[in-house]
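See structure below.
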Amino acid sequence: MTTAPEIAELEAQERRLTLPHFTYDDAWALGTLLVELARARQAPVAIDIRRGGQQLFHAALPGSTPDNDAWIDRKRRVVERYGCSSLLVGSRFRAKGTTFEESSRLDPDVYAAHGGAFPITVEGAGVIGTVVVSGLPQVEDHALVVEALERFRAEGGEERVRP
């Protein structure tokens with residue numbers, strides 16, 4: 001099993017992966033990039049991207065199940081509530097010698113502080129949405145999202161889908 005990054009690295013990822021904007025085209029570009037990365041690895045994942053309350057992208061790849069969609073919802077709610085990645089939230093609880101499930105006072109059927117959900121943060125606006133992957137071990141779900149966001153930023157976001 002891959003070990004989770006330290007809290008400082010998770011926080012640095014979020015600062016580094018702040019975007020200048022996030023449009024409908026950006027959601028499509030990021031989502032298709034995630035699909036490409038997952039297919040190349042034959043990863044049995046579901047992918048979800050939202051801005052506010054609107055789902056802008058969803059894909060379920062071979063081997064994923066309806067349970068992955070339930071995990072997506074639970075992990076997404078953690079990002080929406082705490083404003084940071086689901087892995088970071090879980091790591092902060094573990095650093096205090098407890099778990100999210102034991103100490104958050106939130107229903108574990110509604111919230112899951114397991115890796116794979118990451119905030120979409122826009123410069124000057126803050127957290128405006130989420131990108132979530134479910135289907136791999138939690139650290140790998142998180143790493144896939146981070147890799148996609150890093151490539152997305154490097155490739156110019158929505159420019160990736162323009163002719």
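For SER91, the conditions (1) in contact with a Leu (Cβ under 8 Å, 6 or more places away or on another chain); (2) outside any helix (DSSP H, G or I); (3) more than 27 Å from GLU155 (Cα to Cα) are fulfilled apart from (2).
Of all residues assigned to segment 81-88, none qualifies as being assigned to a loop (DSSP other than H, G, I, E, B) and open to solvent by 70 Å² or more (accessible area, probe 1.4 Å). Does PHE118 count as outside any strand (DSSP E or B), touching a strand residue (DSSP E or B) at 6+ places or on another chain (Cβ under 9 Å) and either within 17 Å of LEU136 (Cβ to Cβ) or of a type in the set (A, V, I, L, M, F, W, C) (or both)? Against the criterion (outside any strand (DSSP E or B), touching a strand residue (DSSP E or B) at 6+ places or on another chain (Cβ under 9 Å) and either within 17 Å of LEU136 (Cβ to Cβ) or of a type in the set (A, V, I, L, M, F, W, C) (or both)), PHE118 does not qualify. Just wondering, is there one or more residues in segment 122-141 that are modelled with pLDDT of 95 or more, under 17 Å from PRO5 (Cβ atoms) and of a type in the set (D, E, K, R)? Scanning segment 122-141 turns up at least one residue that is modelled with pLDDT of 95 or more, under 17 Å from PRO5 (Cβ atoms) and of a type in the set (D, E, K, R). Residues in segment 13-31 that are assigned to a helix (DSSP H, G or I), open to solvent by 10 Å² or more (accessible area, probe 1.4 Å) and under 13 Å from LEU149 (Cβ atoms): GLN13, GLU14, ARG15, ARG16. Working only within segment 52-70, note down all residues that are within 14 Å of VAL131 (Cβ to Cβ) and at pLDDT 95 or above. GLN54, GLN55, LEU56, PHE57, HIS58, ALA59 - these are the residues of segment 52-70 that are within 14 Å of VAL131 (Cβ to Cβ) and at pLDDT 95 or above. Taking the listed residues ILE49, ILE7, the one that is at pLDDT 95 or above, in contact with a helix residue (DSSP H, G or I) (Cβ under 6 Å, 6 or more places away or on another chain) and surrounded by fewer than 18 Cβ atoms within 10 Å (Cβ to Cβ) is ILE7, with no other qualifying. When segment 92-129 is examined, which residues are found to be open to solvent by less than 60 Å² (accessible area, probe 1.4 Å), over 12 Å from the mean Cα position of the chain (by Cα) and touching a residue at least 40 places away in the same chain (Cβ under 8 Å)? The answer is ALA112, VAL122, GLY126, ILE128.
Taking the criterion of being in a loop (DSSP other than H, G, I, E, B) and closer than 21 Å to GLU155 by Cβ, the residues of segment 32-45 that qualify are ARG41, ALA43, VAL45.
Is it true that GLU140 is out of contact with any strand residue (DSSP E or B) (no Cβ under 9 Å at 6 or more places or on another chain), in a helix (DSSP H, G or I) and surrounded by 13 or more Cβ atoms within 10 Å (Cβ to Cβ)? No. Got at least one residue in segment 46-59 being in a helix (DSSP H, G or I) and either among the basic types (Lys, Arg) or farther than 30 Å from ARG105 by Cβ (or both)? Checking segment 46-59: not a single residue is in a helix (DSSP H, G or I) and either among the basic types (Lys, Arg) or farther than 30 Å from ARG105 by Cβ (or both). Tell me whether segment 52-74 contains one or more residues that are open to solvent by less than 50 Å² (accessible area, probe 1.4 Å), aromatic (Phe, Trp, Tyr) and under 14 Å from the mean Cα position of the chain (by Cα). For segment 52-74, residues open to solvent by less than 50 Å² (accessible area, probe 1.4 Å), aromatic (Phe, Trp, Tyr) and under 14 Å from the mean Cα position of the chain (by Cα): present.
The values are calculated or read from the model by the stated rules, or taken from the named source; none is laboratory data. Note that the structure is predicted; figures quoted are calculated from it, not measured. We place every Cβ from the backbone using ideal geometry, glycine too, and count neighbours over all the protein chains shown. Just the protein is used for accessible areas: all its heavy atoms, side chains included, with ligands, DNA and RNA removed. Shrake-Rupley method; radii C 1.70, N 1.55, O 1.52, S 1.80 Å.
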